[in-house]
Structure formats: C-alpha cells, structure tokens
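First up is the structure itself, then whatever we jot down about it.
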Amino acid sequence: MVTIGTFDGVHKGHRHILKRVTDIATSRNLASVVLTFFPHPRMVLQPDHELKLINTIEERTALIEQNGIENLVIHPFSMEFSRTTAHDYVKTILVDQLKAKVVVIGYDHRFGRNRSASIAQLNEYATEFDFKVIEISKEEVEEVAVSSTKVREALTLGNMLTAAKYLEQPYFLTGDVVSGKKIGRTLGYPTANLQLKSSYKLIPKDGVYITSTTIDGKLVYGITNIGTNPTVDDTGKQTIETYFLDFSDDLYDKQLAIHFHKRLRDEKKFDTIEQLIQAMDTDTTNARKYVSNMG
C-alpha cells in the first residue's frame, strides 16, 4: 500500500491523502508505505532557484509517522535518478523493491524522465505488474484547496494564522540554542538564540512573533524576533531570538522547536535604546493578552 510524493509541510491536503492510505491499508491488511524523495527534486533540477522547504527531512519524517504511516522510504533524488524512465521507475522501485499491491496517487501526479508519465500510464503499468491504482480525484484535491506553495507564500508574508490553518498546526523552526551577543539581557530581555541545522529550512518573514515551545515537558510562551536587530547591531546578520515569558533557566545547547502563533509587528530600527525597550514592553503585554485569550 504505497503513496508517492515530496509531502513538504505535511499540510491539510497531504494529511487527507495519508488518511486514505492508512484506511485502505487497514481494510486490506496491508502495510502502509510513503515513498518520498530527498533532496527535493527542484533542488536538484533547478539549483539556482534556492528553494526553501517547509520541513527539514527529519521534521517531515516525524510528521508522516504522526499521521499513522508505518513505513517511510526516502529515496535519494539525483540527476541520474531523474533520467529513469517511467517503466523502469515503476518496475524497479514500486514493484521489485516496495512490492506494491495498491498505489494511491493524485489525479495530476507525474513521474518518470521529464515527468512525462501520467496516471494513465500508471494504470497501464498496474495491469502489466498486477497492482491496483486508486486515484485521488481533482474534486477531492480542490476541496482541500491547500498546496505547499500556498503554505510557503503565507510564511513568506508572515501570515502565521493562514499557515497554521493550512498545516493544521502552528509552523515551527527546530534548532539548537547557541550563545549570542547577550545584548538582550542588558535590556532586561534575555533571549535564546536559535541556530537552525538545515540551510534550506524556510524562515518566516522578518518581524516579531508570539511563539511557544516545550521545555522539559512544560509549555512556555515567548516573543521571537527574526531579523538583524538593527537598533543594536550593524552587521546585518539574521538571527532568531526568543524571550520566554516567566522562564529563566539556562537553555544553552538544548534543541528547541519554536512554534509560531501570530506576527505582532515588523522589525524596526529605533532611534534610542529606550524606544526599543518600550517596544519590547508593549510586545510582552500584547503577547500575554494573546496567550490569556488562548485559554
């Protein structure tokens, strides 16, 4: 029982497909399998594009598992692999390696060299190799009305509420807390500086956000600034720094997942340190109001 795709974001549309796969696998007593590819094909075929992804491959793996899939196969994508004919791809991977009995696929899925083969060819191969194709119709796909491109656009605009609706959870960044310049603590706002592990991970639009993370099993809210800290730093280097509300423990070397709930404002260069502190005071007040209204 196999489905195929890059599944970047594991968004609402992807979850719809994964549920179909797990339901069918259960009803037919088959193991559920997702076949995905890494690097993302566009990273290989269009290297100058600098595609940013919603998930790292580690995050994607965890999200697919959370959606009930028993087996994830991550196939390396390369220029050589991109030249594989559709027939060889189906025979070598789907049939010989994955022993597919059922393949669940979207109506517009393309595969093989130059993405030349469609679901019509897949149905022909299904007859040849004795497996069944279950098509997810155009109506089903359009009913969900979500795509990875739409999620990326929302994140690029800083629209975290829209992104969360598409993803069915808040967008998150995962990384290690590293030592920064410690300027925040001199202002009364000590921050944790997050260093991402993957350069291809999409970072939301620069600005100030209400965020949350789980630290040692406890949910902690905070204010995260994405940007260059222009009031106190002239290097132009982008950082991701979080001030946690009512939390003061040492976080160095911890790995955190920062979940983004709402964008408060643009990052701004203030004329004085006092103006910066006043803005941070206002951000804190607004964040506390937002958190209290969350329940």
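Put simply, the amide H of residue 264, placed in the peptide plane, has neighbours under 5 Å in 208, 209, 210, leaving out anything fewer than 5 places away on its chain.
When the C-alpha to C-alpha distance is required to be over 27 Å, the pairs from 197/237; 181/254; 12/254; 19/101 that qualify are 12/254. For residue 274 and residue 215, the difference between the fully extended length at 0.36 nm per residue and the C-alpha to C-alpha distance is 18.2 nm. Report the residue, chosen from 262, 91, 12, that carries the largest GNM mean-square fluctuation when the chain is represented by alpha-carbon nodes joined by springs under 10 Å. Comparing 262, 91, 12 in the GNM, the peak value goes to 91. Summarising the amide proton neighbourhood of residue 85: residues at separation of 5 or more, or on other chains, whose placed amide H is nearer than 5 Å comprise 113. Over the range 1-110, the ratio between the Cα radius of gyration and 2.2 N^0.38 Å evaluates to 1.06. Every pair of different Cα atoms in the range 93-223 enters the Kirkwood calculation, which places the hydrodynamic radius at 19.1 Å.
Histogrammed with a bin width of 5 Å, the alpha carbon distances of the range 130-194 distribute as 4, 13, 14, 11, 12, 13, 11, 6, 5, 4, 4, 2, 1, 0 percent, first bin at zero.
Connecting C-alpha atoms closer than 10 Å in a GNM of the chain, tell me which of 60, 185, 15 has the biggest fluctuation. Judging by the Gaussian network model, the answer is 185. From helices alone, the chain scores -9500 deg cm²/dmol at 222 nm; the rule is -39500 (n - 2.57) for each run of n ≥ 4 DSSP H residues, then divide by the residue total. Computed over the alpha-carbon atoms, the chain gives an Rg to Rh ratio of 1.05, Rh here being the Kirkwood radius from the mean inverse distance. In the frame of its principal axes, the range 241-295 has Cα extents of 34, 30, 19 Å, reported largest first.
Scalar couplings 3J(HN,Hα) for the range 263-279, obtained by applying the Karplus form with A = 6.51, B = -1.76, C = 1.60 to θ = phi - 60°, are 8, 8, 5, 6, 6, 9, 8, 8, 6, 9, 4, 4, 5, 5, 4, 4, 5 Hz; x denotes Gly and Pro.
Subtracting the Cα-Cα distance of residue 186 and residue 267 from 0.36 nm times their residue separation leaves 27.2 nm of extension gain. In plain terms, if you count all Cα to Cα distances in the range 160-293 and split them into 5 Å steps from zero, the share in each step is 2, 10, 21, 26, 22, 13, 5, 1, 0 percent.
Just so you know, all these numbers are worked out from the coordinates, no wet-lab data involved. As the structure is a computational prediction, the values presented were derived from the model and not from experiment.
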